[in-house]
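The values are calculated or read from the model by the stated rules, or taken from the named source; none is laboratory data. Just so we're clear, the structure is a prediction, and the values are computed from it rather than from any experiment. Note that we place each Cβ from the backbone using ideal geometry, even for glycine, and neighbour counts take in every protein chain shown.
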């Protein structure tokens, strides 16, 4: 078992679930993420995939140096049982 570092301030260590997940790559400004999530949800429903409870976004690009239209975000939705 790996020990989590102690949390300090506003950041906290956490553990993400392992297993299969639906992963979508979104390119564009952050204000378009809500629509991207809707599209992922629609794809999952169309393909009979049940999502788990824990979802997250992986912000690949640095918004301080990347134009909004080129920001890359990975949407991750674990597959539920």
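Numbers for the structure displayed
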read-out: Selected residue (criterion: surrounded by the most Cβ atoms within 10 Å (Cβ to Cβ)) from residues of region 46-71 that are within 16 Å of residue 20 (Cα to Cα) and without any contact (Cβ under 8 Å) to a residue 12 or more places away in the chain; value: 47
read-out: Some residue of region 58-68 being in a strand (DSSP E or B) and modelled with pLDDT of 95 or more; value: yes
read-out: Pairs with Cβ under 6 Å, 6+ apart, first in region 1-18 and under 18 Å from residue 54 (Cβ atoms), second modelled with pLDDT under 75 and surrounded by 10 or more Cβ atoms within 10 Å (Cβ to Cβ); value: 13/4; 13/7
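Yes/no matrix, rows are residues, columns are (1) modelled with pLDDT under 95; (2) assigned to a helix (DSSP H, G or I):
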| site | (1), (2) |
| --- | --- |
| 14 | yes, no |
| 22 | no, no |
| 25 | no, no |
| 33 | no, yes |
